[in-house]
1. Pull out the extension gain between M543 and A588, defined as 0.36 nm times the separation in residues minus the alpha carbon to alpha carbon distance; nm, one decimal.
2. Report the gain in length on full extension from I334 to A612: 0.36 nm times residue separation, minus Cα-Cα distance, nm rounded to one decimal.
3. Angle between the Cα long axis of helix 249-260 and the longest principal axis of the chain, 0 to 90 degrees, nearest 10?
4. So if I place +1 on the C-beta of Lys and Arg and -1 on the C-beta of Asp and Glu, and nothing else carries charge, what would the dipole magnitude of the range 50-169 be about its Cα centre? I want it in debye, nearest 20.
5. What size of dipole, in debye to the nearest 20, comes out for the chain about its Cα centre when the only charges are +1 on Lys and Arg C-beta atoms and -1 on Asp and Glu C-beta atoms?
6. Along the Cα→Cβ direction, 7 angstrom out, place labels at T385 and V233. What is the inter-label distance in nm?
7. Measure off 7 Å from each Cα along the Cα-to-Cβ vector at S115 and E284, then give the distance between these two points in nanometres to one decimal.
8. Using the Cα centre of the chain as origin and beta-carbon charges of +1 (Lys, Arg) and -1 (Asp, Glu), tell me which of G618, C348, L448 is placed farthest towards the positive end of the dipole.
Amino acid sequence: MLKLKSFPPKINPFFNQNPSAAFLSSSATPSLPAESSPPYLANLVASILSSSTTDQALRIFNSASPSINPAKTLKLHSAIVHFLTGKRLYVKARCLIEGLIEILRKTRKPHKVCSSIFTALNQIEHSNCEGNVFGVLINALCQKGLPDEGHWVYRKMGRLPPVQPCNALLNGILKTGRVQLMWEVYHDMVANGLSPSEVTYGILIDACCDRGDTEKARLLLEEMVQRGLKPTVVIYTTLIRGLCTESKMLEAEAAFMRMECGVAPNLYTYNVLMDGYAKMVCVEKVRKLYYAMLDGGVLPNVVTYSILIYLLCKIGELVAFRSYFVHMVKFNVIPNIYIYNCLMDGLCDAGDLSAAKAMLVEMEKFGISPDVVTYGILMKGYSRTGRVEGAEILFSKMNEAGVVMNSVVYNTLIDGYCKKGSMEKAVGICSRMMETGLQPDIVTFCTLINGYCKAGKLEAAMGLYYEMGIKGYKPDVVAYTSLIDGHFKNGYADAALQLHREMIDAGVAPNAFTLSCVVDGLCKDGRINNAISFFLEQTKVSMAEADVQCFPSKVTYSILISSLCRNGRVFQASKFFSDMRSRFEPEAVDYAEMVEGHFGAKRVFPVMMLQADMMKKGILANEFMYKILERGYQETAYLASAQKCRDHF
């Protein structure tokens, strides 16, 4: 072994320093000193490789490394990596390679860095750990975000590295989104003798779940168990997350129950399953999981409470959230801006704008600054209550606070002015939005079209409709329905029907509101037969496609029944009323239309049957209904019945 003449009096071991910079700072050295000639360097390498202890090898490396420029030679670094790998100090070896990669990348491209380190490691002779050394290199490359270079090393090795570097490579490729390549590499590894570990299966199951292939993920879980491997909490949670994403809640719960038999669920597991049920609005399931979590000694975090509060606000249980606020204090969980935004959104949806504003004050009191979402929620609350001026005050406050506006905020303000009928102000806000560099999006166009149609300005609405086509936007169902309704109400029935055809051709599915607008428009234009045909055709299509959104609503039935009765077609009206009654609960006004229709046809017995049906359903006749009954009975000479009705009002 080479005996060094002298060592510095004090040596700082490089592993006590920053592994990515301090112990490799020698890159600044301009050239090798004379004493670091090739023979001397060879002796240093031999000394490191033949060291009896790790401390001895590190002392030699630390004393010599300041005079060695890794940009010119990597022999010294290769020697210490081989030594550390031989001693199974893989993390230290990996950290050294990661630091080396950082230095070399300043002057070389990633692949050149990789090939330089690979060549240097390959040149060290008399080492029995080549596979492990290259495995450490693969690990380091993947840790530094260079899985392609790691894959190159894998192919150049000529032998299978240990399972840990294989996992690092598979995970690195997966993170780049190239799932197909990951599977190709995996199958190649298996063909070369890889025995997958729990970590390997975790990566594969994660890949399947990310692609929505939960069936393959479940098969991999079974394969894993058959190999005698025990699924970890991470693997079960990954599978449950994938199943919840696909709304397969029964399967997700089955996986959770299977997990509980041998693996304790953690916080993330509970949160994933609670979130899945929350999206399905299964309140009791979410609550049950929350209390099961507490019973199991798993402490909730801010994500847990975000899920709970979001769900409670969604279903309108605004009182219940306060009990969870108490729990948050108990478990020292500080509400974040997302929770406050959920609460304010729920309060605004419930029409309690004052409480939402109080939440803003409380939020600022705790030092949480409102963001653009917060302001957008409150602005929406003001606009819904017709107080658009209040929304604009908040808009100004956002500017003063330096909050960057987005299109959602502008569209909220535009919608508020459109609902108020102030189209000039709505267009003015749109202009201000464009001045900031934000372009009108599909929501902006559809909102303005709806506003112009309600204001009876069809020419302006159609101008925006054509402009949308020029800009490549496709009007949504709200825009088309507004245009159809506007044209019908202004006497342009044929143009309205043409717009409906264009809507279908564009692939935009009509909803119940669209159907009601067309039926109402045709009836008012005197085309009742066309309205009936359209109604029956749309009902047939929606039933065939199981499309609930397009199924006729009670409003549609009421429109058709009213038109038929007023045109003396009470027999047809009776059929539609019977159909409506089997699907919806008729209101007093619907009974009134039918009663008046039957009286018009001098049919008293059906009227009496309708009265009995109202009593059976607990629908009380109002003054309007009694007047219709009194007049009808009077005209049909049922004077006693007419008198009874007169007595009621």
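1. On the way: separation 45, 0.36 × 45 = 16.20 nm, distance 2.78 nm.
That pair, M543 and A588, stretches by 13.4 nm at full extension.
2. Numbers: separation 278, 0.36 × 278 = 100.08 nm, distance 5.89 nm.
Between I334 and A612, full extension yields an extra 94.2 nm.
3. Between helix and principal axis, roughly 40 degrees.
4. Details: 16 positive and 7 negative charges, 47 e Å.
Computed about the Cα centre, the dipole is about 220 debye.
5. Working: 69 positive and 61 negative charges, 332 e Å.
The calculated dipole for the chain is roughly 1600 debye.
6. My value for the distance between the label points is 4.5 nm.
7. 6.7 nm
8. Most positive-ward Cα: C348.
Each reported figure results from applying straightforward, stated rules to the coordinates on display, with no laboratory input. In this text the structure is predicted, and so the values were computed from the model without any measurement. With ideal geometry, Cβ positions are generated from the backbone for all residues, glycine too; neighbour counts draw on all protein chains shown.
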